[in-house]
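Rule-based calculations on the coordinates, nothing more; no lab input. Values in this document were obtained by computation on a predicted structure and should not be read as measured data. Cβ: placed from backbone, ideal geometry, glycine included. Neighbour counts: every protein chain shown.
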Amino acid sequence: MLSFGFTLSALTMYGLVHLLGSGVFGGMGHTGAKSAAALVMLGCLVIDSGLFGLSTPMWRRQTPRQHFYRFGPVRGALLWGLDTGLVVTTFRVTSLTWAALGVTLFGLVPWWVGLAYALGFTVPAFAMVALVPPSKDPVEIPEPIWLMDWLMEREKPIRRVALAVLTAALAGVAISVFQG
């Protein structure tokens with residue numbers, strides 16, 4: 001249900017952003033759209049570089065855990081997925097999601113790119129659930145704390161990879177602007 005909610009929410013968000021962009025920026029022309037998207041991506045790159053003490057724009061909040069207790073594991077997971085799939089509502093490691101929304105807003109990618117975004121979350125999440133053995137310790141909570149620690153230790157390398165991906169995407173858009 002988490003994956004379903006995340007995918008539904010991501011497709012909805014990217015679809016709405018695409019619809020808004022085609023209504024507002026539809027007459028901008030392809031070169032203008034590329035230039036505007038390049039500016040958004042450049043802004044995201046500057047933010048993620050950390051050079052000016054800026055941090056990834058986001059709401060610094062997490063989906064409330066009490067959803068699981070209040071609504072049960074199935075509906076709680078659905079609510080969690082619906083919340084996190086909205087792209088900008090919870091913690092983010094990089095500004096790549098904002099850059100992706102920018103290229104969607106300016107019509108450089110189709111609305112269904114939200115599916116790629118959702119798969120980038122749901123496939124690794126499914127693999128972690130399927131491959132990580134549950135704790136054999138009856139006192140420990142069911143979540144493998146070691147896995148959370150392992151993921152947190154990789155935050156800085158992931159930020160560097162995301163910065164490289166954003167740089168490459170920006171270079172591609174910039175090159176296409178200059179080539180006409």
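Remarks
- Under the Karplus curve 6.51 cos²θ - 1.76 cosθ + 1.60, θ = phi - 60°, whole-Hz ³J(HN,Hα) for segment 101-116, x wherever Gly or Pro sits: 5, x, 5, 6, 4, 8, x, 7, 9, x, 4, 6, 4, x, 5, 4
- Protection proxy ranking, peptides 149-156, 117-124, 7-14, average beta carbon neighbours within 10 Å, highest first: 7-14, 117-124, 149-156
- Which of Leu51, Leu45, Leu78 has the fewest Cβ neighbours within 10 Å, and the rest in rising order: Leu51, Leu45, Leu78
- Secondary-structure-derived ellipticity at 222 nm for the chain, considering helices only, amounts to -23500 deg cm²/dmol, per-run term -39500 (n - 2.57) for DSSP H runs with n ≥ 4.
- The chain: relative contact order as a whole-number percent, Cα under 8 Å and 6+ apart: 38 percent
- Residue order, fewest to most beta carbons within 10 Å, for His30, His18: His30, His18
- Which label in [x] 11.9; [y] 10.0; [z] 14.3 gives the computed mean projected area of the Cα convex hull in nm²: [x]
- Look at Leu115, Leu82 and count the other Cβ atoms within 10 Å of each Cβ; fewest to most, that gives Leu115, Leu82.
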